[in-house]
Every structure is written in structure tokens, then in C-alpha cells.
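The values are calculated or read from the model by the stated rules, or taken from the named source; none is laboratory data. Please read these numbers as outputs of a predicted model, since none were measured by experiment. Positions of Cβ are backbone-derived with ideal geometry, glycine not excepted, and every protein chain shown enters the neighbour counts. Accessible surface areas use protein heavy atoms only, side chains included; no ligands, DNA or RNA. Shrake-Rupley method; radii C 1.70, N 1.55, O 1.52, S 1.80 Å.
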Amino acid sequence: MIYLFTAMYSEAHLLIRQYELKKETDQTHFQVFSNESRNMRLTITGTGMIAAAAAVSVVCTKYPPQDYDFLINIGICAGRSSQREPFLCNKITEQTTGKTFYPDMLYRHPFFEAQIITGAKPFQKEDLKQSREICLYDMEASAIYQSGSYFFGPHQMFFLKLISDSGNFEHVAPKQIQSQIAANSNKLAAFLEQLNQIHNTVAKITAKCQPCQSTMRSFYVDDITDTLCQDLHCSNVMEASLRQHIRYCILSGINYRKVIYDMYQEKKLPCRDKREGKLRFEELKKRLL
């Protein structure tokens, strides 16, 4: 199942129509639309961090996600770039607490990447002054990530944002939002289809291997991963990320063993310490993907 979350109906309108999502009448707190045959469930959270966190918690508690499901937050945001194509957020900063979160950039995608700041109040231009990078601003992403982390791993959550304004959201009409999302519908649809294919593939494998968890582990992790974790001096977070990368390579048919073998031949593995391990791990990820 792909769990879609948008803050407003205008952001969800095209997705509801395109995927023939039907409203769930038993939901009273939030508007929820679903289509089981398309593996889609979309929730309109309302604006703001509290509403967003509550919506994710309510929906995911009622419909507990599986290890192969995905959470996607799609919506508009403020920003200082003139780019009107979707951004995939690789870093989320919560303005009120300073906490940062990093969704795993595990799968290939056609989007620009950028960091996003989540605030508790409407965007002010000075909110982005300190960053030289393309930076986005919204009022939901960090809350959705934190609430979603109780049900999904970092590799299962994606945050797709389109810049609608640079601080004058009150002048952005619902039709303008719908038009902007419609203009990028092909890219969004292709990415959703890619995730759906991954979901279906892993779901089938899980069903076949359910009686034997050791078989499941050997399929996803493979014996070389344990040695690689030791030679990279992996922390728990790095180890989990590494295993997900290996899992993706197996499903995608990528010859990850050759990439790892080449790094050993180049004397880049094993690493001397954790610091070097982090550098080699980043290089390994780039080579694999």
C-alpha cells in the first residue's frame, strides 16, 4: 500500500481522480480516499504540524503498514527558487526544535533534491536567509516524518514538494495549485508506479518466504553484508541503510558484488576507523546507484 498524505484538497484533487480513489465514509476526523486495487490510500491532513502528525498516526494505526509499504507526502511549499518542477526532500529541519531528519535516497528518481524547513507559522523570507542551497519551507513535513517513523523506515518515506510562492501564500488560489500538480503529473505518476512495482515485488517474495524467515534474511541481506558492515565500522543506522541498499540492488538486478569487490581491490576496504567508514560508505552508495 502507498500511503499518500496531502495538507489540502487542492493538492489531492488530481491524485483522487487519476487513481479513482473513493472516500471512506467511516472516517470522521480526516478525509481519507482509497483504492485497494491500485494500492493507494490518500489522507488530507489539514495544514500545520499537529494536524499532520495526528492524521498519520490515526490512519497508520487503523491500517498498519507492512515492511514493503511506502509513505509519500505530496504538496506545495514556499521557496526562493523559480523552479516549478517537483523537489524530493533529502533533509528535513524542524524550525522550532532544530531537529533534522534524513529520508533515505535509496531509489532512482527524476526529481531535483533539496532540503526543507518545517515551521509552525507561515513562511517569512528571513527563514531561508542562512542557507545558500535551494531551500523549501512548509508546515507539515517534519511532523509527518516523525509520526511516520513509528510505522515506516527512512527508506519508506518520501517528501515531494512543489514551490508555489515565496512568502505570499494568501495569493495562491486552489486552481493554481491543481494546475501546478497537473503540469507535473507524468513525473509523479511514474514515480508512484515505480514504488508500486517495488511494493508488489517485495510483497510476493515476502508471501513466498513467510514460513522461513532465515530464507527471507538471506535473500535481502546476503552473506557478504555482514563482513562489509564490519569492514566499514558501521553504526546501527549505517548498517540498516547498507542492508536496504543491498536489498534494492538484489531486487533491481544490480551487480553489487562487483562494486564491493572493486573497492576491496582498490584498497578502499576495509576501513581503519568509523570516520573513514562513513566516507567509503557514501562512495559505495554512489557506485551502487
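Once the other residues with Cβ under 13 Å from the Cβ of residue 272 are scored (Lys, Arg +1; Asp, Glu -1), what is the net sum?
That sum, taken over residues with Cβ under 13 Å, equals +3.
Only bridges whose two residues both fall in the chain count here: according to DSSP, what percent of them are antiparallel, nearest 5?
Beta bridges within the chain, antiparallel portion: roughly 30 percent.
Once fully extended, how much extra length lies between residue 23 and residue 63, figured as 0.36 nm per residue of separation less the alpha-carbon to alpha-carbon distance?
Here the segment from residue 23 to residue 63 would lengthen by 12.9 nm.
If you average the C-alpha positions of segment 39-58 and of segment 223-240 separately, how far apart do those two centres end up, in angstrom?
So the two Cα centres are separated by 35 Å.
Can you pull the three principal axis extents for the Cα set of the chain, in Å, largest first?
Computed over the chain, the largest-to-smallest principal extents equal 58, 47, 32 Å.
Round to the nearest 10 and report in Å² the accessible area of residue 20, as given by a 1.4 Å probe over the protein chains' heavy atoms.
110
Restricting to DSSP H runs of at least four residues, report the calculated mean residue ellipticity at 222 nm for the chain, -39500 (n - 2.57) per run over all residues, nearest 500 deg cm²/dmol.
Mean residue ellipticity at 222 nm (helix-derived): -13500 deg cm²/dmol.
Mind giving me the FRET efficiency for residue 183 and residue 105? R0 is 35 Å, r the Cβ-Cβ distance, nearest 0.05 is fine.
That gives a FRET efficiency of 0.90.
Among 144, 16, 76, which one moves the most in a GNM of the chain with springs linking Cα atoms closer than 10 Å?
16
Comparing 180, 156, 265, which has the greatest mean-square fluctuation in the GNM of the chain with Cα pairs linked when under 10 Å apart?
265
Please compute the length gained on full extension between residue 273 and residue 236, using 0.36 nm multiplied by the number of residues separating them and subtracting their Cα-Cα distance.
Full-extension gain reported as 11.8 nm.
Could you list the residues of segment 1-34 with an amide nitrogen less than 16 Å from a label point located 7 Å from the Cα of residue 204 in the Cα-to-C-beta direction?
1
What do you get for the angle between helix 274-288 and the principal long axis of the chain? Use alpha-carbon atoms, 0 to 90 degrees, nearest ten.
80
Can you give me the distance in nm between label points at residue 172 and residue 112, each placed 7 Å from the Cα along the Cα-to-Cβ direction?
Taking the simple label geometry, residue 172 and residue 112 are separated by 1.4 nm.
Accessible area of residue 29, 1.4 Å probe, to the nearest 10 Å²?
150
How far apart, in nm, are the 7 Å Cα→Cβ label points at residue 193 and residue 8?
In this crude spin-label approximation the distance works out to 2.9 nm.
Considering only the other residues whose Cβ falls under 12 Å of the Cβ of residue 48, what net charge follows from Lys and Arg at +1 and Asp and Glu at -1?
Charge balance near residue 48 sits at -1.
To the nearest 20 debye, what charge dipole does the chain have about its Cα centre, counting +1 at the Cβ of each Lys and Arg and -1 at the Cβ of each Asp and Glu?
440
How do 140, 36 stack up against each other in accessible area, from largest to smallest, with a 1.4 angstrom probe?
Highest to lowest solvent-accessible surface, that is 36, 140.
Quick one: accessible surface of residue 142, probe radius 1.4 Å, all protein chains present, in square angstrom to the nearest 10.
Approximately 0 Å² for this residue.
If you take the Cα Rg of segment 13-158 and divide it by 2.2 N^0.38 Å, with N the number of residues, what do you get?
Cα-based Rg divided by the globular estimate yields 1.06.
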